[in-house]
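Asks: Here it is, the structure in full.
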Amino acid sequence: VLPLVADPDPTVAHCAATALVTLKASAVCLAALDSADAKVHPGALRVLQRLHDPIVVDGLIARCKSAKPDARRGLLVALARLYQKEADWDGKWWSTRPDTTGPYYKPTTWGESPKIAAVLKDAVKAADAETLRWLLPELIRHRVELPE
């Protein structure tokens, strides 16, 4: 299924990614990031950023340390997306008004959030001006608040 995440037909690529998320194929997608087949890397990252699993977080962080700048951007986006997850529905917060803030309707931190926050803070501290112009909007887009 993994090669289909790079299919030129967006419907096929989406269905393949959704199938991999359903299968919780984190090991396959992490291994794909190490492969020479760069065309599946974006699709593998799309799958991984939807899997709130400590193994995924550790795998992305480990790859962040040795990644080239372009590949590191994708890894940081995936980590930013994983920083929060959807809160359990308490029966009170749904409304008829649309909310387009995303990526989660009611975001909440989880067990791996402090580890992810540390990596993102380090990335901000070590970033040059060009990287900051890219990274800060990504953190805002994913609603990652780093008070420091």
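The values are calculated or read from the model by the stated rules, or taken from the named source; none is laboratory data. Quick caveat, the model's predicted, so the values are computed rather than measured. Using ideal geometry, Cβ is built from the backbone for each residue, glycine included, and neighbour counts are taken over all protein chains shown. Just the protein is used for accessible areas: all its heavy atoms, side chains included, with ligands, DNA and RNA removed. Shrake-Rupley method; radii C 1.70, N 1.55, O 1.52, S 1.80 Å.
Asks: Using a 1.4 Å probe and counting only protein heavy atoms, arrange His14, His52, His142 so the residue with the most accessible area comes first.
Replies: Descending order: His14, His52, His142.
Asks: Another one. Using the Karplus equation 6.51 cos²θ - 1.76 cosθ + 1.60 (θ = phi - 60°), what ³J(HN,Hα) coupling, rounded to whole Hz, does each residue of region 111-118 give in order, writing x for Gly and Pro?
Replies: Here the 3J(HN,Hα) series is x, 8, 4, x, 5, 5, 4, 4 Hz.
Asks: Ignoring everything but the protein chains, give the 1.4 Å probe accessible area of Val124 in square angstrom, nearest 10.
Replies: 40 Å²
Asks: Report the residues of region 52-87 in range of a label on Thr22: point 7 Å along Cα→C-beta, backbone N strictly under 18 Å from it.
Replies: Within reach of a label on Thr22, which here means backbone N under 18 Å from a point 7 Å along Cα→Cβ, region 52-87 contributes 52.
Asks: How large is the dipole of the chain about the Cα centre if only Lys and Arg carry +1 and Asp and Glu carry -1, each at its Cβ, rounded to the nearest 20 debye?
Replies: 160 debye
Asks: To the nearest 20 debye, what is the magnitude of the charge dipole of region 51-106 about its Cα centre, counting +1 on the Cβ of each Lys and Arg and -1 on the Cβ of each Asp and Glu? The partial results should precede the final answer.
Replies: Details: 10 positive and 7 negative charges, 64 e Å.
It comes to approximately 300 debye.
Asks: In addition: Restricting to DSSP H runs of at least four residues, report the calculated mean residue ellipticity at 222 nm for the chain, -39500 (n - 2.57) per run over all residues, nearest 500 deg cm²/dmol. Please list the in-between numbers first.
Replies: On the way: 7 runs with 84 residues, N = 148.
Value at 222 nm, helices only: -17500 deg cm²/dmol.
Asks: Could I ask something else about it? Report the label-to-label distance for Arg141 and Asp58 in nanometres (one decimal), using points 7 Å from each Cα along the Cα→Cβ vector.
Replies: Going by the 7 Å Cα→Cβ label model, 3.0 nm.
Asks: Of the candidates Ser66, Ser26, Ser95, which one comes out as most mobile in a Gaussian network treatment of the chain with C-alpha springs shorter than 10 Å?
Replies: Fluctuation is largest for Ser95.
Asks: Could I ask something else about it? Thr108: accessible area at probe 1.4 Å, nearest 10 Å²?
Replies: Counting only protein heavy atoms, Thr108 exposes about 50 Å² to solvent.
Asks: Send over the semi-axes of the chain's equivalent ellipsoid, whole angstrom and largest first, taken as the square roots of 5 times the C-alpha gyration tensor eigenvalues. Present the calculation step by step, with values, prior to reporting the outcome.
Replies: Numbers: eigenvalues 111, 96, 42 Å².
Semi-axis lengths for the chain are 24, 22, 14 Å.
Asks: Normalised by the residues of region 25-127, what does the relative contact order come to in percent, with Cα pairs under 8 Å and at least six apart?
Replies: Normalised by residue count, the contact order of region 25-127 is 24 percent.
Asks: Provide the per-residue ³J(HN,Hα) series for region 12-23, in order, calculated from phi with Karplus coefficients 6.51, -1.76, 1.60 and θ = phi - 60°, each as a whole number of Hz, with x at glycine and proline positions.
Replies: In residue order, the calculated couplings are 5, 4, 5, 5, 5, 5, 5, 5, 5, 5, 4, 7 Hz.
Asks: For the pair Tyr104 and Val1, what calculated FRET efficiency results from E = 1/(1 + (r/R0)^6), where r is the Cβ-Cβ distance and R0 = 35 Å, to the nearest 0.05? Write out the running numbers ahead of the final one.
Replies: Values: r = 26 Å, r/R0 = 0.73.
Once the sixth-power term is evaluated, E becomes 0.85.
Asks: OK, next. Quick one: ranking Trp89, Trp134 by accessible area, 1.4 Å probe, largest first, what do you get?
Replies: Trp89, Trp134
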